[in-house]
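Chemist: First the structure, which I've put down as structure tokens, then a few questions once you've had a look.
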Amino acid sequence: MCNWDYLVSFARAVYPIIVDVFNQVRGVKKESADIEADLESFKAFIHGADKEAEDEQDADRREGIKKMVKQLREAAFCMEDVIDEYEISCEEKQPGDPGCAVLPCDAVGFTKTLIPRILLAYKIHDVKSLVCGIKERYGLCSQFSLEQRPYSSRGNQNAAWQNIRLAALHTHEADTEGLEGPRKILKDWLVDGLKELTVITVEGMGGLGKTTLSKQVFDNPDVRKLFDCHAWITVSQSYTVVELLRKLLCKFYEDKKNSPPQNVSTMDRESLIDEVRNYLNGKRYVVVFDDVWNKEFWYDIKLALFDNKEKSRILITTRDKDVAVCCKESCFVHVHKMNPLTEVESLKLFYKKAFQRDFNGCCPEGLENTSLEIVKKCQGFPLAIVVIGGLLANKPKDKGEWERFSQRLRLELEGNSRLISIIKILSLSYDNLPYNLKSCLLYFGMYPEDYEVKSSRLIRQWIAEWFVKYEGRKTLKELAQQYLTELINRSLVQVTSFTIDGKVKTCCVHDSIREMIIRKIKDTGFCQYVGERDQSVSSEIDEHDQLVSSGIIRRLTIATGSNDLSIESSHIRVILFFTNKGLSQDFINRIPANSTPLKVLDFEDARLYHVPENLGNLIYLKYLSFRNTRVKSLPRSIGKLQNLETLDVRQTNVHEMPKEISELRKLCHLLANKISSVQLKDSLGGMTSLQKISMLIIDYDGVVIRELGKLKKLRNLSITEFREAHKNALCSSLNEMRHLEKLFVDTDEDHQVIDLPFMSSLSTLRKLCLSGELTKWPDWIPKLLNLTKLSLMCSNLIYDPLESLKDMPSLLFLSISRRAYQGRALHFQYGGFQKLKELKLEDLHYLSSISIDEGALHSLEKLQLYRIPQLKKIPSGIQHLKKLKVLNMWFMPTEFEQSISLNGGQERWVIQHVPHVTLFSGLV
């Protein structure tokens, strides 16, 4: 009886607790939805409060707003974490979980699934309490209504994108104003003068156009043709001498399209100096060192770049006038000091940027005086002018609104030094960005100074962080590309290289923009940058303004080889590594233990030998890159990364994927040098989210090809070790891929036939590479109306393929190489290949004649001729190619070289119009 009474009393005591727990778990869905709504409102409010803080004149009130915003941000971080945890738990939910009609019968299974959800329910409750407390503390309850939406909502975003013009990517406003005179001066200094080594320094503050001016002169055809060796080096503040010399040597080899010495990565300083000196012996060279920050730089490079009495030149851009003083100790020096633009030049540049979309670069009536007031505040700095012009280009051309903007600009700049004024002007453009675009711009602060980031890498990381959200029918990639385009249009991001079809390949931010980003990162706590020394900005900015944050660490860049770094934050979502120092296994293994919410983990180019042991703990991970590391294999636990979207193991020793990788149902990009299909051939078809696979080795029986047909979202496919027996299976699978844009098929064996019947599904194809024998010409290729890039290798074609290809409407690049054509003549007929920009002919052993009709190859800019032993003369009709900019000829016959020799070559006159001509002698 006593036992029964005890049980009844115990049941009465615990019953309310059980009911409370069950109610908490059952209410998780609603409370999570409430938090998500609050999160959107928080973001909108933070966006507005940031602007208010920038505008506030009272220092105490401004600091109060910043303190409130910091707390709101950290609360938003907690909200994001708990929402992510809830979403993952939902994916694992079974029909018998709390909230469903039936509870699980298995007590062990019930306990195993219930306990984590109880903990999650209380986390959500705690976050809700945190949010409510902050609202009450600052009296913000009325500010947050469910109807409120941030600037980046669908309607506003779609309207914003309507004015984006891709053509703006190709404009270079700062190129054209006020540089005509300086260009001539620099060109004369480079071309004429003493036979001794001469140094030219271009001095001036950031944003005056030093780099633009130097690049224009460096790229000038009349300058380049006079030098045997060319190198452009961007010098970071934290450079090391060894890294600098290594980069210089590689640039020289790259200029000639050759590979540097195999041991270049292990050479010490003395070896690198010797190697550079030996390479430059007897050659006339020109080297540009862009953005030199300290006078010690000259002493670091002068031994390697010796005076070889060949009229060699070194051009240096710098903010420090003492650099020229140091150079004068050992060689002749010219100094050009950059001056701000005149008022007329400034107005012309401003009009071009602010009114290019609606008024063809002309100022509309009524805005002349206000425009002049705004331009005067930019103090002649081209960068400030184009950024402000880009900002106002997106605003209505209303006189009252422009006058209010001018007044605000005046208040912002009162009493500041010139540099601080420029930074504040740049900040205004940041303040006017939509919330998501702000995060995209701040992301550049996670990359090292002067780092040129690949747009594909950047876009995938933005998507992994949910900076980009679905809008209409566009893919996340398309939207992210629009985001990047908008930042470029606003002159906040610079394009450093384009693909053949005009898309952004690499990009970076100007030093002054980066200084502004660093300030914003400090204010917002966006990320933490840990280097050998914290990267500080210009000496004219307070020394405490460094790329570091306080409070919750959300993103972390590790640019140090120290293995003592402590990573304790449970809120870190991103870790990027930028170090050439070895990373110990113990240090790497600490990451999964302490950083479970990670979404981006990027080791690209790091000296990493081991994959983290507990990699499977990172269940939130979306982006994982081991590219160009020493990693040899992946653990089986990678199959636990159910949210992974990008896996990059290119340029590693990973050739075989564990079979568990087929469990990654969200994986979109599987990137490797070669991927064995042994473990995947029966399960690859289940990875239905895949959009890109490179490079997949086909199994002998072709099972994996049939699996490929199940991947209907594929846009980019590369396969190797293809066999003739596989052709029908491949065509069948390709016909299921309605979105395929890039296809690479390689036999990896001589005399393997690659004939494929017509494939009607390839209408979306933009890039095609076939590496294998073609017994008959694929007549379906000319029907690919969207094809921009075509490469044929090892085809052994007997008949000239040009007749079939000449009218393709979108073709920009054509490569015929490695015995692709066995005929003796190629004829480019009148009117053919009107859009082709680049042509490459290589390893064609029987080709002895190339003829170009006048009117053919109208748009050709680059022609490359490599190892064509029977071609004794330059292609006839090459003089008709008026747009040809680059002509590269390597390892050509002696007769060919003699015919275009500078010393009496009879055919030299036909290539006089080509700005960049490279002849690398191989004496075939």
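Chemist: Among the DSSP beta bridges whose two residues both lie in the stretch 179-337, what percent are antiparallel, rounded to the nearest 5? Walk me through the intermediate numbers first.
Modeler: Values: 0 of 23 bridges.
Beta bridges within the stretch 179-337, antiparallel portion: roughly 0 percent.
Chemist: To continue, here is another question. Rg and Dmax of the stretch 179-337, Cα atoms, in Å?
Modeler: Gyration radius and largest Cα-Cα distance of the stretch 179-337: 14.7, 44 Å.
Chemist: Subtract the Cα-Cα distance of LYS783 and LYS883 from 0.36 nm times their separation in residues, and report this length gain in nm to one decimal. Write out the running numbers ahead of the final one.
Modeler: Values: separation 100, 0.36 × 100 = 36.00 nm, distance 2.71 nm.
This chain segment gains 33.3 nm when fully extended.
Chemist: Between HIS751 and LYS247, what is the spin-label point distance in nm, taking each point 7 Å from the Cα along the Cα→C-beta axis?
Modeler: 5.0
Chemist: Give me the dipole magnitude in Debye, nearest 20, for the stretch 712-821 about the Cα centre, with unit charges on the beta carbon: positive for Lys and Arg, negative for Asp and Glu. Spell out each step's value before the answer.
Modeler: Numbers: 15 positive and 14 negative charges, 121 e Å.
The calculation lands at about 580 debye.
Chemist: Also: In whole Å, what three semi-axes, largest first, describe the equivalent ellipsoid of the stretch 278-371 built from its Cα gyration tensor (square root of 5 times each eigenvalue)?
Modeler: Working: eigenvalues 370, 50, 22 Å².
Equivalent ellipsoid of the stretch 278-371: 43, 16, 11 Å, largest first.
Chemist: Quick check on the exposure proxy: order ASP602, ASP192, ASP523 from fewest to most C-beta atoms within 10 angstrom.
Modeler: Numbers: ASP602 24, ASP192 9, ASP523 17.
Ascending number of Cβ neighbours within 10 Å: ASP192, ASP523, ASP602.
Chemist: Around GLU663, under 12 Å between beta carbons, what's the net of Lys plus Arg minus Asp minus Glu among the other residues? Present the calculation step by step, with values, prior to reporting the outcome.
Modeler: Numbers: positive: ARG636, LYS640, LYS659, ARG665, LYS666; negative: GLU660.
Taking every Cβ under 12 Å from that of GLU663, the sum is +4.
Chemist: Continuing with this model, one more query. I'm checking a number: the convex hull volume of the Cα atoms of the stretch 794-908, normalised per residue, in Å³. What is it? Each step should come with its number before you reach the end.
Modeler: Working: hull volume 10.1 nm³, N = 115.
Once divided by residue count, the hull of the stretch 794-908 is 88 Å³.
Chemist: Please list, by residue number, everything in the stretch 196-224 whose backbone N is under 18 Å from a paramagnetic label point 7 Å out along Cα→Cβ of LYS328.
Modeler: Hits in the stretch 196-224 for LYS328 at 18 Å: 197-204.
Chemist: Then there is this: With no solvent and one equal point scatterer per Cα, compute the Debye intensity ratio I(q)/I(0) for the stretch 688-755 at 0.12, 0.24 Å⁻¹ and report its log10, rounded to two decimals.
Modeler: Scattering profile of the stretch 688-755, log10 relative to I(0): -0.26, -1.06.
Chemist: Separation between the ASN258 and ASP358 pseudo-spin-labels, each 7 Å from Cα along Cα→Cβ, expressed in nm?
Modeler: Placing both labels 7 Å beyond Cα along the Cβ direction yields 5.7 nm.
Chemist: Something else about it: Suppose each label sits 7 Å from its Cα in the direction of the beta carbon; what would the ALA825-LYS67 distance come out to in nanometres?
Modeler: Label at ALA825, label at LYS67, 8.6 nm between them.
Chemist: Give, as a single signed number, the net charge of other residues whose beta carbon lies under 14 Å from the beta carbon of ARG277, with Lys and Arg counted +1 and Asp and Glu -1.
Modeler: Numbers: positive: ARG269, LYS283, LYS302, LYS309; negative: GLU270, ASP274, GLU275, ASP307, GLU310.
Charge balance in the 14 Å sphere: -1.
Chemist: Could you give the length gained on full extension between LYS309 and GLU296, defined as 0.36 nm per residue of separation minus the Cα-Cα distance, in nm?
Modeler: Numbers: separation 13, 0.36 × 13 = 4.68 nm, distance 2.42 nm.
Gain in length upon complete extension: 2.3 nm.
Chemist: While we're on this one: Normalise the Debye intensity by I(0) for the stretch 459-524, one equal point scatterer per Cα, no solvent, then take log10 at q = 0.16, 0.17, 0.24 Å⁻¹ and round to two decimals.
Modeler: Here the Debye-derived log intensity ratios amount to -0.65, -0.73, -1.15.
Chemist: Along the charge dipole of the stretch 419-482, pointing to its positive end and built from +1/-1 on Cβ of Lys, Arg, Asp and Glu, which listed residue (LEU428, MET446, THR475) has its Cα farthest out?
Modeler: Ranked along the dipole, the leading option is THR475.
Chemist: Starting with the highest mean, order 401-412, 344-355, 839-850 by the number of other Cβ atoms within 10 Å, averaged over the residues of each peptide.
Modeler: Highest-to-lowest ranking by the protection proxy: 344-355, 839-850, 401-412.
Chemist: On to the next question. On full extension of the chain, what length is gained from GLN585 through GLU613, given 0.36 nm per residue of separation minus the C-alpha to C-alpha distance? Intermediate values should be presented prior to the final figure.
Modeler: Numbers: separation 28, 0.36 × 28 = 10.08 nm, distance 0.87 nm.
Fully extending the segment from GLN585 to GLU613 adds 9.2 nm.
Chemist: I'd like the distance between the alpha-carbon centres of the stretch 344-383 and the stretch 192-210, rounded to an integer number of Å.
Modeler: 30
Chemist: What ranking do 893-905, 625-637, 70-82 get when scored by the average of other Cβ atoms within 10 Å per residue, highest first? Show your work: numbers first, answer last.
Modeler: Numbers: 893-905: 14.2, 625-637: 17.9, 70-82: 19.7.
Most protected by this proxy first, the peptides run 70-82, 625-637, 893-905.
Chemist: Which FRET efficiency value, to the nearest 0.05, is calculated for ASN653 and LYS337 with the Förster distance at 60 angstrom and r the Cβ-Cβ distance? Spell out each step's value before the answer.
Modeler: Details: r = 52 Å, r/R0 = 0.86.
Using R0 = 60 Å, I get an efficiency of 0.70.
Chemist: Here's something else I'd like to know. Using the beta-carbon distance between VAL703 and ARG665 and R0 = 25 Å, what value does 1/(1 + (r/R0)^6) give for FRET efficiency, to the nearest 0.05?
Modeler: On the way: r = 20 Å, r/R0 = 0.81.
With a Förster radius of 25 Å, E is 0.80.
Chemist: Follow-up. Put +1 on the Cβ of each Lys and Arg and -1 on the Cβ of each Asp and Glu in the stretch 179-337; which of ASN294, ASN263, LEU213 then has its Cα farthest toward the positive end of the dipole?
Modeler: LEU213
Laboratory data are not the source of any read-out in this text; all were calculated from the coordinates shown. The model shown is predicted, which means the values in this text are computed figures rather than measured ones. So basically every Cβ, Gly included, is an ideal-geometry build from the backbone, and we count neighbours across all protein chains shown.
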